[in-house]
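A short worksheet on the structure shown next.
The values are calculated or read from the model by the stated rules, or taken from the named source; none is laboratory data. Please read these numbers as outputs of a predicted model, since none were measured by experiment. Every residue, glycine among them, receives a Cβ derived from its backbone with ideal geometry; neighbour counts consider all protein chains shown.
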Amino acid sequence: MASEVVDVGSSVAKLENDVETKLSIDEVAFVENPAAPTANKKKRKRKPKKNGVITGELENEDDKREGEGDAAVERGDPNQTKSTTSGKKKNKKKGPTQTSPPTIPIYQLYPNKDFPIGQILDYAPSVDGRIASNRLTSEELRLSDESRLEVYQDIRQAAEVHRTVRNHMRPLLQPGTKLIDFCEQLENTSRKLINENGLQAGLAFPTGVSLNNCAAHYTPNNGDDKAIQYDDVCKVDFGVHVNGNLVDCAFTVHFNPKYDRLVEAVKDATNTGIKECGIDVRLCDVGKAIEEVMTSYEVELDGQTYQVQPIRNLNGHSVGPYQIHAGKSVPIVANGDTTRMEVRFMIKSTVLALSFTNGRNILWNMA
């Protein structure tokens, strides 16, 4: 594109007078005041109007950038090239972020199904010396794991929903809160985040909110005005599923600091049980490890000290497709069950404790 540097005064005047000339005057280079220390040379497109008057308007932003690039090249700047797109910035489209309170389905936050994996524990050597190294080197077992990738993604999606819901709902359970109101809000939030859709995704079971000596599985019905109080210990148990692959998990809420050691004992025992689990591990060994940790804690209540004891007939359990209790039970005390965990063995870890009992640590069905 040819350009000609001309004197702004004489040449422009000549072109104005010579309106019958057939020379193209679409482009005339305009040189700004060279005395300005930071001035750049800009190329401006001038177009004659019908009356022969030349305007000095720049047509668009691309012409501005092109002129600046030409000036930089003329100055010998090696970092500048003639490009009409060099100054444009492409804005990357950001994905959706969770609202507060949470309302966006979790799958929309992870369009590539790269749901958080969570904590991964290494396999420990078993009592008889066997290790799980073959599972990491066997091509057959690796392919078997890959074939179940969709199942793992479903479980991780359900786990992220559960994590988001409990983090949102835990602070909302305060002294004076009606249990039925809390359950309704929790379940409505779960339905939104799991994108409830019949058998494909939804709630796994009714929410349980069990107070104090009620160990588990209490769900309020319509008309139940029971509310949590400052001295209560509440076990919140709820679950969600994706394509029948469910997550069943619980957490404890308390307000009085005198129960801190009790909750600490349960948390420590739960983590111990999870670490003990693995392929070919005997269920009795898991229960023994849990009991040892649980009973190592003491709680002082009203001036009297109690040893923390596990409930002997309340167990963890396996879960299966559309099955909350899939057949096998994981004890939380030492017993004679030598059943070994299997490759496809998924466990819901449920460790509950009583700080004081009737002496036999037995759970009674009050229904």
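For segment 192-202, the criterion of being without any contact (Cβ under 8 Å) to a residue 40 or more places away in the chain and part of a strand (DSSP E or B) is met by at least one residue.
What are the residues in segment 99-141 that are at pLDDT 75 or above, assigned to a helix (DSSP H, G or I) and surrounded by 10 or more Cβ atoms within 10 Å (Cβ to Cβ), if any? Those that are at pLDDT 75 or above, assigned to a helix (DSSP H, G or I) and surrounded by 10 or more Cβ atoms within 10 Å (Cβ to Cβ): Ile106, Tyr107, Gln108, Leu109.
Yes/no per residue for (1) over 24 Å from the mean Cα position of the chain (by Cα); (2) in the same structural domain as His325 (by TED's automatic domain parsing); (3) under 16 Å from Tyr110 (Cβ atoms):
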| position | (1), (2), (3) |
| --- | --- |
| Ser144 | yes, yes, no |
| Gln157 | no, yes, yes |
| Leu179 | yes, yes, no |
| Cys183 | no, yes, no |
| Glu196 | no, yes, no |
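In the set Thr305, Thr272, Thr295, Thr252, only one residue is closer than 29 Å to Thr189 by Cβ and among the β-branched types (Val, Ile, Thr); that residue is Thr252.
Here Val286, Val263 are screened, and the one residue that is hydrophobic (A, V, I, L, M, F, W, C), assigned to a helix (DSSP H, G or I) and without any contact (Cβ under 8 Å) to a residue 40 or more places away in the chain is Val263.
The numbered conditions (1) within 18 Å of Ser318 (Cβ to Cβ); (2) modelled with pLDDT under 95 are all true for Ala204 except (2). Taken as a whole, the structure places Leu246 among residues that are farther than 30 Å from Gly176 by Cα, in the same structural domain as Asn213 (by TED's automatic domain parsing) and within 26 Å of the chain's Cα centre (by Cα). In this entry, His325 is excluded by the filter for residues that are surrounded by 20 or more Cβ atoms within 10 Å (Cβ to Cβ) and in the same structural domain as Ala227 (by TED's automatic domain parsing). Candidates in segment 210-226 are the residues that are closer than 12 Å to Cys183 by Cβ and touching a Ser or Thr at 6+ places or on another chain (Cβ under 7 Å); of these, the one that is surrounded by the fewest Cβ atoms within 10 Å (Cβ to Cβ) is Thr219.
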